[in-house]
Structures are given as structure tokens and as C-alpha cells.
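Asker: Sharing a structure with you now.
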Amino acid sequence: MLKLKGVEIRQGAFSLAASFTVERGRRVAVIGPSGAGKSTILGALGGFIPLAKGRVYWDDAEISTLSPGARPVSMLFQDNNLFPHLTVYQNVGLGVRPNLKLTPYEIESAHNAIQRVGLDGMAERRPAELSGGQQSRASLARVLVQKEPIVLLDEPFAALGPALRQEMLDLVRELVDEIEATLLMVTHAPGDVARIADDVIFVEGGQALAPAPAAELLQNPPPALQAYLGS
Amino acid sequence: MAQRAQPINGRAGVVAGTIVVASVCLAFLGIVLRAEPGAGLGPADWQAIRFTVVQATLSALISVALSVPLARALARRQMPGRQVLITLLGAPFILPVIVAVLGLLAVFGRNGWVNDTLGTLGLPGISIYGLHGVVLAHVFFNLPLATRLLLQGWQSIPAERFRLAAQLDLPPSMVFRTLEWPMLQRILPGAVALIFVICLTSFAVALTLGGGPKATTIELAIYQAFRFDFDLSRAALLSVIQLILAGGAALIALWIIPQLPLTGGMDRPVQRWDARGGGQRLLDGLVILLGSAFLLLPLASVAVSGTLGLPQVPASVWAAAGVSLWVAGLSVLVLLALALPLAGWIAIRARGSAEAIGLIGLSASPLMIGTGWFILINPVMDPVRLSLPVTAVVNALMALPFALRILVPGIREALASHGRLCLALNVNGWPAWRWLILPRCLPQIGFAAGLTGALSIGDLGVIALFADPDRTTLPLQMYRLMGAYQTEAAAGAALILLLMALGIFWICDKGARRYAEA
């Protein structure tokens, strides 16, 4: 399980506190108003934003001292998830080995992942030759080969249309099940939450609240969440 | 903001920087060891210092003053051939100095076209030797550079401002005051400073067009002290002065030198509604015509006389061409080995610092470094045998500041867009270079390599110090032909040299671009 113990993040005047636990294999949506710190939480878990206080544990090992690449985490950002000058295969392969010197078995598994996300026959293309949806699929293929126990999605599908986004969420759901990963994803849309999330972390007022069951929370939102959701 | 973690560290850059600094400092040490105290500066040395500063000041001011109307005309006129002309403005930067000098002699020399015309009209002729000639050649080289810098400035003025000016029907003087003058105030000091620094350490121009007690630069005085008098003590003293003067100027200039314009991004003239009057059109047309003639006539004369002289070219020229080619190749390799790690180091540091190392190349005179290494190598082995490698290394050092200006922004951009992804994937160290920086910065790397190759192939500097009578580079061989009054053979050699310099630049620059796009 993922455990945040007395975590505090400070960036200038902004500060955010988080202390909670996410059970292994849960799919968690992180929601909240703009600027509340949803991406900040994920950035801190990924190792890109330093903690002012507190620690993060995966199972019983502290991971908050590790560099981003050494953490048991695969992360997709809002943009620039693929190297534009490399092919789909190379982009996926970098998730297996940072020097891209793959064994025959690893080469095969990279190709399998590309096939699995529906990019059959596109392994040699570069990102610019793919549609937005296909680019998302390529980065998900890399998540698949990385096989990390924690998957962090910082709105990587924000630029896609609603139908395509739903398609991607369904794919994410299948993929994290396959690799038995714990998922944390930032989103704006209550529809996304209902579609994929078991739990919801609500970020507001300088605090990330502990995850609560999604269905319950959406039916009976506390006042702050209600204000955020509108209606 | 706190320094962000980066997928590359600066260690290799620190090593490269240390090598650069050490190679200059060692040379300096070698000189100081031989310098005898108490020699002092003679009147001729003071004359050289004065001449160096005067010619650099004049060259910088005249180049920039002339570039204002030319850049302004190019910025606001659409005409066929405009793009070609702007591309050609980049050519003098990589043009071998000695080739340009030959072209300038053909146009402005004693029997040149200008003097012929003046003679026919019964007017007194002009002399290209001495201060006139040195400044003329420097303006020839730096007017295009200044024009490109200013053109970049003009293009940084948003089109909306010109639309607003048209809407308010501002007269030309007001357009100048409200839009163009503020931009010029921003760009001009940097352009003047850059050209001043470049002209301070100029050697080949002074060697060919200057000379004599009245027109000797410090750099030329070092050469003469070393080569003719073998007065190491005086060469050392002059080198110290050169280092202080050029280093000081470069240090000041570091803060105001603008970004060097790359080849791209100058293609679209902003649509303009002002300056539509007939007089202004005529004036702009005239300025562009004169500017292009000034730049193109010398080149055209090299092409014509070179083609005619090609059959007269002796075998020694072809041998020298081969030597030049491998010196340039070595120079490019040395440059990349130094510049890439250095640029990586600079790119991950906070803006503005560390780039000073590159300036060593601008401020330390090539002849000083050459002299110092000559002294150091001399006890161990015959320095003439190492003349070519030393030339290649010194050429690389000279190109370093330009290469850094080209590479650092590219690396910064690659790290800003995809550095985070590298970290997330544990693509650190060499793999980050291999998979992110090198492929992303390939166009910049090709540009820097092409620039270095062209500068090196056309360089007439250190090699003149060591001068092996049997194995020499093409520029020196050409200089010897000119000295021996073998004018036609020299013209042929000039054409070969010109084509080689442009060719090596074109191959590196275009090759890298094509590969990057494929």
C-alpha cells in the first residue's frame, strides 16, 4: 500500500498537506478546483516536487528519498509523454531499459505491449505520424512494459475529445488490472470518476483529504465538494 | 525557483571547461616564463595598441551605422531575391578572410574596379592599405552580421504594433520613434560590442591589408615579434596586453551580446502599411542595391578570377587543400568533444553563468595560444611537427563561444520539454544524451560543426606562426602565392578555398537538418 505520512509540500506561498493511505490495487481519482494542488500531489509522489515535511512509503519501504526513475512509479504527464524524434517502439523500449539495449525477450514484450494497446503495425512510426488517441495509446504501452506497481496519471488525456477520453479510461482500467497496479489519476470530470475510480481524494484549501469511496462521495458530497461540482 | 533535478550532470562539462581553461592558461604560463621583466613597452607597441582600439572602434561603429538602413530596408520591403540576400548575409561569417581580402582588392585595390572608374572620371584614387583597408575589410565581414542581428530585432516588433501605427496614421518619424528606436536601443549596444570584440583580435586582415608601423594590430605585432625577431619576451608582453584588452572587452560584452541569429526564422517580412511614399521606396531600393553590391561584387570577382586562374593552380595548392580538410575535420571533432559537455553543463545551470568560459575563445588571442604552446613544446620536440594539430585545437577554441551560443538554447529547450520524462524513465547520464539531447539538438549540432569547419578551413592565424614549408594549410599557401605575385594561381586557390568553406558548412548544416527531419 501507498502511505503518505505527515507530508507537506511548499511552493512559495502555496502549501499542501497530505496524510493518507491507499490500499494496493485501488483506482483513485484526485479531484479538486484548479490550483488546489492535484498535480502537485502527483508530482511529489513521482519525485519531481520535493517534500517540505513527511515521508512516503510503498509497503514498508520509504520511497520519498528516491530519485524519480528509481521509484516504483510510472507516470504520464499532461503533455510530452513521448520523445518526438523516436519511434513508438523506441519510446516503449525506453520504459524497459533506459539504454534501449533490449534482450530478444524484452523486444518481444515491447512489441506485445504495442499490439495490446491497439497500435499493431505502427511500431516504427514517430509520434507526429499518430493521432492524439494513438499517441496516448503509445504512452500507455510504455506504462504496460514498465510494470510498476504505482501508476500516476496527471490528466494525460485532457486534450482528447469526450468519446476518445472514455475509450482511454477503459483501456487504462484494463491495463492497471493486468499489471495489478495501484492507480492515482487527476481529473476534472465527475463522469471520469464514476467510470474508473474506486476512491476519490478531494484536494482543497491546502489539504488533500483521505480517499473516500467514490460512489458514496458522489452521492452525498460534503459542502466543499458540492460547491466544486456545482449543481 | 530551486534548481530542478536534471537527467544529465555537469561533470563532463566541468572536465571540458577545465581542459579549455588549462590549455589557455598553460599557453599563458609558457609565455610568462619566457618574458623578461623590465623590457617595457616601446613606442611601436603603444602605436599597435592605439591602432587596434581605433580600428576596432571604427569598424564596429561603421558596420552598425550602415546596417541600420540596410536592415530597415530589408525588414519593410518585399522583393524577389530578398530571402536569397538574407541567406547570403550569413556567408561572410564563414568566408575565409584571405578570400574576402582578395575579392576586396579586386574591387577597391590599386587596379581595382573602383579606382579604374575614378581614374576614368579623372578623380584621385583610394588606397586599400592601412587603416582604410583594415576597416573596410572589417565592415565587409561585420556589416552582414550586424544586419542580421538588427533584422532579428525588427522582426521582434509585433505586427500588431505596425497595424496600430497604420490605424493612427503615424508619420514615418513617429513610427521610428515609437516602434523602431526603442528596439534599436536594445540591440545596438550588443551589436557594437560584439563586433568590437571580434575586430580586436583580428589578425589575417591586418596581416594582408595593414602592416607597417602605422597599421599594426597587437595580434600582428605578436606575430612579427615572434616570427621575424624571435623576441619571445616582447611577444609575451604583447600577449598579456591583448588578453587584458580583449578579455576585458569580452567580459563587458558578455552581458549585452545578443543571441546569434540562426539560419531559420527570417523568412517572413511583417506586413507594413507605413513607408509607402515614393521617396522612401527609392531610398530603400538604393540602400539594398548598394549593400548587395558591396557584399556581392568582391565575391563575384573571386568567382570570376578564380575560374580563370584554376588551370594555373600548382599541385602544392591541392596538397594544401587536403591538409586543410583534415585540420578542419579534427577541429570539428575537438569542438564537439568540448562544446557538447560544456553546453550541457551550462544548460543545467542558472542562466547567465559559466558561459564566460566560452568567451576565453573570443578574448584569448589565437596567436597568444599558439606562441605559448610553441614555447612549451619546443624543449620536447620540434613544434613545427605539431603545427597542424595545434592549429586544429586553437580553431576549435575560437569557435567555442559561437558553438555554445548555438547549442545551449537547444539543450535547454530539450531538457525543459522532455527532461522530466527522462527522469521518470530513469534515462539519465549518457542515455539521456543518446536518446534525448543529441537527436533533439541535431540541427544545432550540425550548424555548430559546419561553422567550426568553415572557420577552421579558412583560418590564417596560428598556422602562420609555425609554418612548415612543406606541409601547410590552404589559406597560408594562398597567402604565399599572393606574396609571390602569382596572382592567377592565388585566385584559383581562393576559389577552391571558398568552395571548401561553403561546402563543409553546407554538408554539416544541411546534412544534420535532413537527418533530423527523416
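Asker: Kirkwood Rh and Cα-based Rg: tell me the resulting Rg over Rh for the range A:39-99, rounded to two decimals.
Answerer: Numbers: Rg = 13.6 Å, Rh = 13.2 Å.
That ratio is 1.03, to two decimals.
Asker: If you count, for every residue in B:425-437, the Cβ atoms of partner chains within 10 Å of its Cβ, what is the mean? Before the final figure, lay out the partial values.
Answerer: Working: counts 13, 10, 8, 5, 2, 2, 6, 1, 0, 3, 10, 4, 0.
That works out to 5 on average.
Asker: Once the Cα atoms of the range B:369-411 are picked out, what are the Rg and Dmax in Å?
Answerer: Using the Cα atoms of the range B:369-411, the pair Rg, Dmax is 14.1, 43 Å.
Asker: Then there's this: Shielding of B:384-392 by partners, i.e. mean partner chain Cβ atoms within 10 Å per residue?
Answerer: The shielding value for this peptide is 0.
Asker: Please provide three numbers in whole Å: the alpha-carbon extents of the range A:117-231 along the principal axes, with the largest listed first.
Answerer: Sorted from largest, the Cα extents of the range A:117-231 read 51, 28, 24 Å.
Asker: Right, here's the next one. Once you have the Kirkwood Rh of the range B:476-518 from its Cα pairs, apply Stokes-Einstein at 37 °C and 0.692 mPa s and quote D in µm²/s.
Answerer: Roughly 277 µm²/s, to the nearest whole number.
Asker: Cα-based Rg (one decimal) and Dmax (whole number) for chain A, in Å?
Answerer: 17.6, 56
Asker: Between B:Leu296 and B:Ala467, what's the calculated FRET efficiency when r is the beta-carbon distance and R0 is 30 Å? Round to 0.05.
Answerer: It comes out at approximately 0.35.
Asker: Still on this structure, I have one more. Suppose R0 equals 45 Å. What FRET efficiency, 1/(1 + (r/R0)^6) with r the Cβ-Cβ distance, do B:Leu499 and B:Ser417 give to the nearest 0.05?
Answerer: Given R0 = 45 Å and the Cβ-Cβ separation, E is 0.70.
Asker: Suppose only helical runs count, i.e. DSSP H with n ≥ 4. What mean residue ellipticity at 222 nm does that imply for chain B under -39500 (n - 2.57) per run, divided by all residues and rounded to the nearest 500 deg cm²/dmol? Working shown, then result.
Answerer: On the way: 22 runs with 373 residues, N = 518.
Estimated from H runs of four or more residues: -24000 deg cm²/dmol.
Asker: Let me ask something else. When N counts the residues of the range A:1-107, how does its alpha-carbon radius of gyration compare numerically with 2.2 N^0.38 Å, as a ratio?
Answerer: Working it through for the range A:1-107, the quotient is 1.25.
Asker: A further question follows. If you fit an axis through the alpha-carbon atoms of helix A:132-146 and take the longest principal axis of the Cα set of chain A, what angle between them do you get, 0 to 90°, nearest 10?
Answerer: The answer is roughly 90 degrees.
Asker: Between A:Pro211, A:Pro149, A:Pro190, where does the largest GNM mean-square fluctuation fall for chain A, given springs only between Cα atoms within less than 10 Å?
Answerer: Most flexible of the set in this elastic network: A:Pro190.
Asker: Please work out the Cα convex hull volume for the range B:82-145 and give it in Å³ per residue.
Answerer: On the way: hull volume 6.0 nm³, N = 64.
Hull volume normalised by residue count: 94 Å³.
Asker: May I pose another question? Projected onto the charge dipole of the range A:1-122 (+1 at Lys/Arg Cβ, -1 at Asp/Glu Cβ, origin at the Cα centre), which of A:Tyr57, A:Ser39, A:Gln11 gives the Cα projection farthest towards the positive end?
Answerer: Looking along the dipole axis, the top candidate is A:Gln11.
Asker: Here's something else I'd like to know. Across chain B, where is the longest run that never hits chymotrypsin sites (Phe, Trp or Tyr not before Pro) in a DSSP loop with at most 11 other C-beta atoms within 10 Å?
Answerer: B:256-484
Asker: What FRET efficiency comes out for the pair A:Gln134/B:Leu333, r = Cβ-Cβ distance, R0 = 41 Å, nearest 0.05?
Answerer: Rounded to the nearest 0.05, the efficiency is 0.55.
Asker: Next question. At 7 Å along Cα-to-Cβ for each site, give me the label-to-label distance between B:Thr178 and A:Ile179 in nm.
Answerer: Placing both labels 7 Å beyond Cα along the Cβ direction yields 5.8 nm.
Asker: Also, I was wondering about something else. Hey, rough spin-label estimate for B:Val380 and B:Gln312, points 7 angstrom out along Cα→Cβ, what's it come to in nanometres?
Answerer: Once both label points are built, they end up 4.4 nm from each other.
Asker: Further question on the same structure: Any chance you could run the full-extension gain for B:Asp116 through B:Leu282? It's 0.36 nm times the residue separation minus the Cα-Cα distance, nm to one decimal.
Answerer: Value of the extension gain: 57.0 nm.
Asker: Scaled to the compact-protein estimate 2.2 N^0.38 Å, what is the alpha-carbon radius of gyration of the range B:334-459, rounded to two decimal places? Provide the component values of the computation, followed by the final result.
Answerer: On the way: Rg = 16.9 Å, N = 126, 2.2 N^0.38 = 13.8 Å.
Here the Cα radius of gyration is 1.22 times the empirical estimate.
Asker: Kyte-Doolittle cut-off -0.5, length cut-off 18 Å along the helix's own axis using Cα: show which whole DSSP H helices in chain B pass.
Answerer: Taking the DSSP H segments of chain B (at least 18 Å long, mean hydropathy at least -0.5), we get B:11-34, B:43-76, B:131-155, B:181-200, B:232-254, B:278-309, B:315-348, B:387-424, B:442-457, B:487-517.
Asker: A further question follows. If you average 1/r over all unlike Cα pairs in chain B and invert the result, what Kirkwood radius do you get in angstrom?
Answerer: Computed over Cα pairs of chain B, the Kirkwood hydrodynamic radius comes out at 24.2 Å.
Asker: Further question: Rounding to the nearest 20 debye, state how big the charge dipole of the protein assembly as shown is about its Cα centre with +1 on each Lys and Arg Cβ and -1 on each Asp and Glu Cβ. All intermediate terms of the calculation are to be shown ahead of the outcome.
Answerer: Numbers: 55 positive and 46 negative charges, 219 e Å.
It comes to approximately 1060 debye.
Asker: Tell me, what is a quarter of the convex hull surface for the C-alpha atoms of the range A:37-161, in nm² with one decimal? Don't skip to the answer; put the middle values down first.
Answerer: On the way: hull surface 34.4 nm².
Across all orientations, the range A:37-161 yields a mean hull projection of 8.6 nm².
Asker: Please tell me which of these pairs span more than 21 angstrom C-alpha to C-alpha: A:Lys5/A:Lys147; A:Lys3/A:Lys53; A:Lys5/A:Lys38; A:Lys3/A:Lys38?
Answerer: Table pairs above 21 Å Cα-Cα are A:Lys5/A:Lys147.
Asker: P(r) for the range B:1-113, please, calculated from all Cα pair distances in 5 Å bins and given in %.
Answerer: That works out to 2, 7, 6, 9, 12, 13, 11, 12, 13, 8, 4, 2, 1, in percent per bin.
Asker: How many angstrom lie between the C-alpha centres of the range B:110-137 and the range A:67-128?
Answerer: So the separation of the two Cα centres works out to 67 Å.
Asker: Order by neighbour count: B:Thr120, B:Thr18, B:Thr216, fewest other Cβ atoms within 10 Å first, most last.
Answerer: B:Thr120, B:Thr18, B:Thr216
Asker: Over the Cα atoms, compute the radius of gyration (one decimal) and Dmax (the largest Cα-Cα distance, rounded to a whole number) for the range B:438-499, in Å.
Answerer: Both quantities, over Cα of the range B:438-499: 15.1, 49 Å.
Asker: For the range A:9-101, calculate the relative contact order in percent as a whole number, restricting contacts to Cα pairs under 8 Å that are 6 or more residues apart. Can you show the working numbers first?
Answerer: Numbers: 48 pairs, mean separation 17.2, N = 93.
Here the relative contact order equals 19 percent.
Asker: Let me ask you something else. Collect residues whose amide H, placed 1.01 Å from N in the peptide plane, falls under 5 Å from the amide H of A:Arg26; neighbours closer than 5 in sequence don't count.
Answerer: So A:Arg26 has HN proximity to A:Leu183.
Asker: Counting every Cα pair in the protein assembly as shown, what percent are over 41 Å apart?
Answerer: 46 percent
Asker: Of all trypsin sites (Lys or Arg not before Pro) in the range B:138-215, which ones are in loop regions per DSSP and have a Cβ with at most 15 other Cβ atoms within 10 Å?
Answerer: Loop-located and lightly packed - B:Lys214.
Asker: What size of dipole, in debye to the nearest 20, comes out for the range B:127-206 about its Cα centre when the only charges are +1 on Lys and Arg C-beta atoms and -1 on Asp and Glu C-beta atoms?
Answerer: 80 debye
Quick note: the coordinates plus some simple rules give every number you see, no bench work behind them. In this text the structure is predicted, and so the values were computed from the model without any measurement. Cβ coordinates were reconstructed from backbone atoms using ideal geometry, including for glycine residues, and neighbour counts include every protein chain displayed.
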